Amino acid sequence: MKLSAAIFDLDGTVIDSEGAWGKAFHNILKSLGIDARETHPEEVGVEVKENWRRLLIRFDIKTEKTLDDLRSLTYSEYMNFIPEISINDGVLEFIENLKDSGALVALATSTSWEVTNKVLNSLKIEELFTYITTGEEVINEKPAPDIFLMAAEKMNLDPENCLVLEDSHSGVEAASEAEMKVIAIDPEEKDSKSLSKANLVVGGFSEISVKIIEEL
């Protein structure tokens with residue numbers, strides 16, 4: 001492929017935030033009288049509001065709180081755990097190589113702008129991405145292609161010249177629907193079936209090079 005830009009997902013791809021999200025959902029569930037046994041009761045790669053729609057059904061939760069209320073509470077709780085978040089191995093070096101090759105680097109995350117901004121600032125990587133698109137800017141969340149198409153539009157690029165880096169089934173589906181090449185990051189090799197639409201599945205960023213991307 002002709003690589004003009006790389007579009008990164010945030011949670012799970014650029015940063016290791018799974019533990020922070022798990023704690024946030026656990027704490028809100030507990031406030032609703034539910035003691036979830038799973039470490040991560042939420043579904044990775046699914047937007048917070050949609051996660052709550054599923055959790056309310058799954059645990060048969062009766063509450064006067066709306067889905068928007070639960071999303072706001074979860075975001076607030078999550079921000080308490082931002083100090084525990086770290087950058088995934090190899091990300092900074094990989095992005096540096098991309099920029100050296102002349103490719104643009106963008107971020108497309110379902111997370112709100114407020115939370116995204118705080119995470120990037122906390123990790124001191126706010127200048128890493130030239131373009132940022134958040135879930136608040138689109139009507140349809142992943143697995144719809146909207147967020148990736150908007151990211152490409154901001155860069156004035158054709159989708160076919162954009163590469164997406166993702167770690168979740170819904171993200172890979174969204175990139176595929178946007179007709180973009182997609183590399184899935186699966187360090188524990190536990191989601192190979194759900195990531196089957198990816199053009200390439202790797203264990204980490206050290207396994208990817210500009211040459212490999214151009215051969216996709």
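The values are calculated or read from the model by the stated rules, or taken from the named source; none is laboratory data. Just so it is clear, the model here is predicted, and its values are computed rather than measured. Every residue, glycine as well, gets a Cβ built from its backbone with ideal geometry; the counts of neighbours run over all protein chains shown.
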Taking residue 56, is it surrounded by 13 or more Cβ atoms within 10 Å (Cβ to Cβ), closer than 24 Å to residue 186 by Cβ, among the aliphatic types (A, V, I, L, M) and over 16 Å from the mean Cα position of the chain (by Cα)? no
Please go through (1) buried (at least 18 other Cβ atoms within 10 Å of the Cβ); (2) closer than 21 Å to residue 47 by Cα; (3) out of contact with any Leu (no Cβ under 7 Å at 6 or more places or on another chain); (4) assigned by TED's automatic domain parsing to the domain that holds residue 149 for residue 107 and return the number of the only condition it doesn't satisfy. (3)
What are the residues in segment 146-170 that are assigned to a helix (DSSP H, G or I) and surrounded by fewer than 23 Cβ atoms within 10 Å (Cβ to Cβ), if any? 146, 149, 150, 153, 154, 159, 160, 161, 169, 170
Quick one: count up the residues across segment 37-73 that are part of a loop (DSSP other than H, G, I, E, B) and among the aliphatic types (A, V, I, L, M). 3
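Quick one: in segment 80-104, which of the residues that are among the hydrophobic types (A, V, I, L, M, F, W, C) and within 22 Å of residue 51 (Cβ to Cβ) is surrounded by the most Cβ atoms within 10 Å (Cβ to Cβ)?
By that ranking, first place goes to 85.
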Within the bounds of segment 7-26, is there any residue that is at positive phi, in contact with a helix residue (DSSP H, G or I) (Cβ under 7 Å, 6 or more places away or on another chain), assigned by TED's automatic domain parsing to the domain that holds residue 194 and not in a helix (DSSP H, G or I)? yes
